[in-house]
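Working notes, beginning with the structure itself.
The values are calculated or read from the model by the stated rules, or taken from the named source; none is laboratory data. None of these values were measured; they are calculated from a predicted model. Note that we place each Cβ from the backbone using ideal geometry, even for glycine, and neighbour counts take in every protein chain shown.
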Amino acid sequence: MQKFDSIVIGAGPAGSTSAYVLAKSGFNVLLVERGKVAGSKNVFGGRIYISPLKEIYPDIEKAPVQRWVKKERISLVADGCLTLEFQHEKTTSFTAYLSKMAEWMAGKAEEAGATIVTEITVDNLLVEDGKVKGIVAGGDKVYSDVVVDAEGINRLLLERAGFIEKPKPENVALGIKEVIKLSKKDVEDRFGLDETSGMAWLMMGDVTKGIPGGGFLYTNQDSVSLGIVINLGGAIKMIKEYAYEIVERMRESPYLKDYLKGGSLVEYSAHLVPQASYKLIPRLYGDGFVVVGDAAGMLLDLGYTIRGVDLAAYSGYLAAKAIEKAHSSGGMTAENLSVYEKMLKESFVYKQIEKFRGTERIFSDPRIFTEFPDAVTGIVKRMFHIEYESEKLLDNVKKVKGGFFRFILDALKVVRSL
């Protein structure tokens, strides 16, 4: 009977990090991935925050970085487009292709001694006498002392085992991304970048046609990642077209088309992501298993930025450390593995999710994505669109659609949530 100290399901950032940390500590680790190569099934917008990863990977700057984000843009889009831009030399994030990044992380795990097996679909968790004792794949049983579930947002294995329920549509979002190929020179000239710097551009308002969510654009070396993230519950109620058509319309919009002129579409992908993360956090441990990454709800959507890879990887790191402690304490019982939840709640990951749980109020109110951007851009338009007489700012604000007090309440709602 083949047995490992630990089996990790999924070679994304969370799973690969768990495998890496465990293998470095001397555990016999099997990392199972259903894609052809590690990371081939991973999809995300394109930005990664580096500080938490430095704690795990001291050589993180050798990872396949596309560009270091030194320019930030946020746009409200309605009848017009109001954009706020911030430039900075010190950066805490970079753009990347997640497939390449996850492959690099899995490579680190393999270097540390983990065994990686690809093109394997895990059918079920192997549960005996109420304890997870391994996995079932293609009719074969593979045993381990502990299983790290990093299967992603589609938590089918946990559902089949009866450990969690299916997520509600309003608690997840649909992300759709296109990669537009441009020349390196065009990327740098059009977005005002040097050879290594990059830009992150988030958009809110008409880009999603009233569906709660937003748009994004990230610059790579010789391409841009363009897409939307929309609340699935809102989309089910409100969408009147195919979701990919929203991205196509955004690509052809007046405020983006010149940036993308002459580019060719080289990649299209779609993926579900956690949104109301604190509502998606499942049972994080049990006899013989822990849950990490997207499967554990480790993503933070703040509206003005999205954090996923660093939170997912750090949850994988903490899970590995918890497994080490459980091993020292006598075995992979639920009681011993409960230290993982304790460590997670004491970490910046859980504290950030708790701190920003108010963002749910934004994503549950379609008016914030329709009337509010329309009101703000309308105010700015009237400020600058002058024919004979200029108006005072307060008089201008009083003319917003829906009324002055509704606008103030919406503005307060946005500020308090973020």
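Take Ala14 and decide whether it is out of contact with any Lys or Arg (no Cβ under 8 Å at 6 or more places or on another chain) and either farther than 17 Å from Lys100 by Cβ or in a loop (DSSP other than H, G, I, E, B) (or both). Against the criterion (out of contact with any Lys or Arg (no Cβ under 8 Å at 6 or more places or on another chain) and either farther than 17 Å from Lys100 by Cβ or in a loop (DSSP other than H, G, I, E, B) (or both)), Ala14 does not qualify. Examine segment 41-49 for a residue that is aliphatic (A, V, I, L, M) and assigned by TED's automatic domain parsing to the domain that holds Tyr317, and state whether such a residue exists. The answer is yes, given that some residue of segment 41-49 is aliphatic (A, V, I, L, M) and assigned by TED's automatic domain parsing to the domain that holds Tyr317. Just the residues that are surrounded by 15 or more Cβ atoms within 10 Å (Cβ to Cβ) and either in contact (Cβ under 8 Å) with a residue 60 or more places away in the chain or more than 16 Å from Arg34 (Cβ to Cβ) (or both), please, taken from segment 121-140. Matches in segment 121-140: Val122, Leu125, Leu126, Val127, Val132, Lys133, Gly134, Ile135, Ala137. Candidates in segment 146-184 are the residues that are among the basic types (Lys, Arg) and in a loop (DSSP other than H, G, I, E, B); of these, the one that is nearest to Gly233 (Cα to Cα) is Lys168. For the condition modelled with pLDDT of 95 or more and either under 19 Å from the mean Cα position of the chain (by Cα) or hydroxyl-bearing (Ser, Thr, Tyr) (or both), what is the one hit in Tyr285, Tyr268, Tyr244, Tyr304? Tyr285 is the lone residue from the list that is modelled with pLDDT of 95 or more and either under 19 Å from the mean Cα position of the chain (by Cα) or hydroxyl-bearing (Ser, Thr, Tyr) (or both).
With the structure loaded, tell me whether Asp222 is among the acidic types (Asp, Glu), closer than 27 Å to Gln87 by Cβ, out of contact with any helix residue (DSSP H, G or I) (no Cβ under 7 Å at 6 or more places or on another chain) and at pLDDT 95 or above or whether it fails that test. No; evaluated as a whole, the condition is false for this residue. Within segment 311-339, the set of residues being buried (at least 24 other Cβ atoms within 10 Å of the Cβ), in contact with a strand residue (DSSP E or B) (Cβ under 8 Å, 6 or more places away or on another chain) and over 18 Å from Val29 (Cα atoms) comprises Leu311 only.
Evaluate segment 155-170: report whether one residue or more is touching a strand residue (DSSP E or B) at 6+ places or on another chain (Cβ under 9 Å) and within 29 Å of Thr377 (Cα to Cα). Looking through segment 155-170, at least one residue is touching a strand residue (DSSP E or B) at 6+ places or on another chain (Cβ under 9 Å) and within 29 Å of Thr377 (Cα to Cα).
Matching residues to (1) in contact with a Lys or Arg (Cβ under 9 Å, 6 or more places away or on another chain); (2) surrounded by fewer than 18 Cβ atoms within 10 Å (Cβ to Cβ); (3) within 18 Å of Gly39 (Cα to Cα):
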position: Val69; (1), (2), (3): yes, no, no
position: Ser75; (1), (2), (3): no, no, no
position: Phe86; (1), (2), (3): yes, yes, no
position: Thr92; (1), (2), (3): no, yes, no
position: Ser99; (1), (2), (3): yes, no, yes
position: Glu111; (1), (2), (3): no, yes, yes
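Here Val69 clears all of (1) modelled with pLDDT of 95 or more; (2) assigned by TED's automatic domain parsing to the domain that holds Phe348; (3) in contact with a Ser or Thr (Cβ under 8 Å, 6 or more places away or on another chain); (4) of a type in the set (Val, Ile, Thr) except the condition numbered (2).
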